[in-house]
Amino acid sequence: MSEQDSTPPAGSCDAVVVGAGIAGLYAVHRLRERGLTVRAFEAGSGPGGVWYWNRYPGARCDVESVDYSYSFSDELQQDWDWSEKYATQPEILRYLEHVADRFDLRRSFQFDTRVTSATLDEQALRWTVRTDRGEQVSARFLLTAVGPLSNANTPAFDGLDTFGGEVHHTATWPHEGVDFTGKRVGVIGTGSSGIQSIPLIAEQAERLFVFQRTANYSIPAGNTRLDDATRAAHKADYPERRRLSWESGGGSPHRTHPKKTLDVTARERDTAYEERWKLGGVLFSKTFPDQLTDLAANDTAREFWERKVRAVIDDPAIAELLVPNDHAMGAKRIVTDSGYYETYNRGNVELVNLKADPIVGMDATGVNTTGAHYELDAIVLATGFDAMTGSLDKLEIVGRGGQTLKDKWTAGPETYLGLGVDGFPNFFNVNGPGATGVLANMVLHSELHVDWIADAIAYLDDHGGDGIEAEPEAVAEWVDKCRTLAEKSLLNTANSWYLGANIPGRPRVFMPFAGGFSTYREIITGIAESGYKGFAIR
């Protein structure tokens, strides 16, 4: 069956895909290419996923744009021109809209529609999917591509609903934008969205108060415009660039230093760190191969970073507050910024240290801390996400015996390869717990997952099976492997969203696979080549 013939019959299809982000778009394309009938649902009014919703000022990817792009079509690679080294949200959204149109993906999606539940028919091994529009669809396979960073976290601030001014969350930013000119603005949170938006909000606001609970490490993006010669060189080098990316620890073509941190001289270390500083972004934490496993090695990177940052902040007391002292560098995801630390040199910006003076609530006119009241016209909640499992929790996914996925994961998510869950046959979650996911280039990781799923479905059909389901023993072994890898690294030592530490009551479980992108790829590819060892074919 060709793509043009793959319009699903009403009420029934081979596969339901939830989400129209990077993974969801590719899933529709790849499954239709295989001849499957596909229905796809998206809560937003168009494609883009996280890049559709996150329109806050300064939103920018922390992976180079030439790498943060699909590899499945060389024609697409050659035709699309990126304008900047690190693309902004509007450009990434235009790219994803272009992909949706180029491959005629919109016709498989129903937008402005939220999936509310998916229930397994244990006898037929089919999923009944229901939406907030009252629709019901029967599908053999269920693919959730809802994104690990898509469920906005709004802390339960006492009195927030009584505030008389504007309230905006960075994850659900108004599409028409927000004008803060002449206003007193409070930004709560200094994670990625806070650090990226604060410099631009400061340029508009009459007065900006930054409420910081935990200082984070951020690296200047070193962003540049891409000229025609650079773009041509990128396109000519795509085969090698992609090869290096697939074989890397994080889905990028850049390699770590061949020697361990402390096996080189101080001058060699500083030279290597300087090169990564100029490259910009999260790759600084991977300058040396042992940087996220050896605290002494990590300290050298932290000291280099600290010298750079203190040098651009005028007030040493403010610098002291902005330098983290509670976690290793890279244990939380490093942010990529444009002029963040320099913003605190502006006369209209004030940093509020919530560790010393915590927020106790809001009222009609602003924010109350234990020691002061801050009169505001607008509050920006840069408070991040209920990561990894939050969006899945909002779906009522009901497997064998009437057990919901949320209940099964009460003590923390448990998967096999990040792809299968025992008790939930023919269900695949893309880029979620148990996979490298958020520790890698999400575009290539999405392709890896979707290709694996499509091949598993083909294997199932070729062998006359109705369903594929992770075996409990395989799940237990994989969970243990993921836990062991995390415990061997510094990633497990910080109160990060990797562990769900930002959500009250969430069990502290390190959710991604910390063994590296290429290692993860080798493992899941080997499982497929073995005839899907650890999965029951029914």
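Annotations for the structure displayed:
- Single residue of region 465-482 satisfying the filter (buried (at least 23 other Cβ atoms within 10 Å of the Cβ) and of a type in the set (A, V, I, L, M)) that is farthest from LEU143 (Cα to Cα): ALA470
- When region 378-405 is filtered for residues that are more than 30 Å from ASP363 (Cβ to Cβ) and hydroxyl-bearing (Ser, Thr, Tyr), the ones remaining, listed by number, are THR389, SER391, THR404.
- Taking first residues from region 514-530 that are over 17 Å from PRO433 (Cβ atoms) and surrounded by 18 or more Cβ atoms within 10 Å (Cβ to Cβ) and partners that are at pLDDT below 95 and hydroxyl-bearing (Ser, Thr, Tyr), no Cβ contact under 8 Å between residues at least 6 apart in sequence or on separate chains turns up.
- Residue, nearest to ASN426 (Cα to Cα), within region 489-499, restricted to residues that are in a helix (DSSP H, G or I) and among the polar types (S, T, N, Q): ASN492
- Breaking point among (1) under 22 Å from TYR70 (Cα atoms); (2) open to solvent by 10 Å² or more (accessible area, probe 1.4 Å); (3) among the polar types (S, T, N, Q), for ASN492: (1)
- Qualifying residue in region 96-112 (condition: part of a strand (DSSP E or B), in contact with a strand residue (DSSP E or B) (Cβ under 7 Å, 6 or more places away or on another chain) and closer than 25 Å to SER12 by Cα): yes
- Only one of the listed residues (ILE313, ILE219, ILE198) is closer than 30 Å to GLY384 by Cα and more than 26 Å from the chain's Cα centre (by Cα). That residue is ILE313.
- Within region 379-404, being over 21 Å from the mean Cα position of the chain (by Cα) and surrounded by 21 or more Cβ atoms within 10 Å (Cβ to Cβ) holds for ILE379, ILE397, GLY399.
- Residue in region 163-192 that is nearest to PRO47 (Cα to Cα), counting only those that are of a type in the set (Ser, Thr, Tyr) and in contact with a Ser or Thr (Cβ under 9 Å, 6 or more places away or on another chain): THR170
- One residue stands out among those in region 185-209 that are within 24 Å of TRP277 (Cβ to Cβ) and aliphatic (A, V, I, L, M): the one that is most open to solvent (accessible area, probe 1.4 Å), which is LEU200.
- On the stretch given as region 157-177, residues that are surrounded by fewer than 13 Cβ atoms within 10 Å (Cβ to Cβ), more than 20 Å from ARG94 (Cβ to Cβ) and small (Gly, Ala, Ser) total 1.
- Filter result for SER117 (touching a Cys at 6+ places or on another chain (Cβ under 8 Å) and either under 30 Å from ILE188 (Cα atoms) or not β-branched (Val, Ile, Thr) (or both)): no
- Test: residue in region 125-144 that is assigned to a loop (DSSP other than H, G, I, E, B), closer than 30 Å to TYR56 by Cβ and polar (S, T, N, Q): no
- Considering region 215-230, and only residues there that are of a type outside the set (S, T, N, Q) and touching a residue at least 24 places away in the same chain (Cβ under 8 Å), the residue that is surrounded by the fewest Cβ atoms within 10 Å (Cβ to Cβ) turns out to be ARG225.
- Selection within region 114-151: residues that are open to solvent by less than 40 Å² (accessible area, probe 1.4 Å) and modelled with pLDDT under 95. The member of this set that is nearest to ALA40 (Cα to Cα) is GLY147.
- Any hit, region 256-279, residues being β-branched (Val, Ile, Thr), touching a residue at least 60 places away in the same chain (Cβ under 8 Å) and open to solvent by less than 40 Å² (accessible area, probe 1.4 Å): no
- Candidates in region 447-464 are the residues that are open to solvent by less than 10 Å² (accessible area, probe 1.4 Å) and of a type outside the set (A, V, I, L, M, F, W, C); of these, the one that is nearest to PHE141 (Cα to Cα) is HIS449.
- Residue in region 461-471 that is in contact with a helix residue (DSSP H, G or I) (Cβ under 7 Å, 6 or more places away or on another chain) and not polar (S, T, N, Q) present: yes
- The set of residues in region 126-157 that are in contact with a strand residue (DSSP E or B) (Cβ under 7 Å, 6 or more places away or on another chain) and of a type in the set (A, V, I, L, M, F, W, C) comprises TRP127, VAL129, VAL137, ALA139, PHE141, LEU142, LEU143, ALA145, VAL146, LEU149, ALA152, PHE157.
- Elements of type strands (runs of 3 or more DSSP E) contained in region 320-383, each with 2 or more residues being among the hydrophobic types (A, V, I, L, M, F, W, C) and in contact (Cβ under 8 Å) with a residue 40 or more places away in the chain: 349-353, 359-363, 378-381
- Members of region 510-531 found to be on the phi > 0 side of the Ramachandran plot and touching a Ser or Thr at 6+ places or on another chain (Cβ under 9 Å), listed by number: GLY516
The values are calculated or read from the model by the stated rules, or taken from the named source; none is laboratory data. These numbers were taken from a predicted model, which means no experiment stands behind them. Methodologically, a virtual Cβ is constructed for each residue, glycine included, from the backbone with ideal geometry; neighbour enumeration extends over all protein chains shown. Side chains included, ligands, DNA and RNA excluded: accessible areas come from the protein's heavy atoms. Shrake-Rupley method; radii C 1.70, N 1.55, O 1.52, S 1.80 Å.
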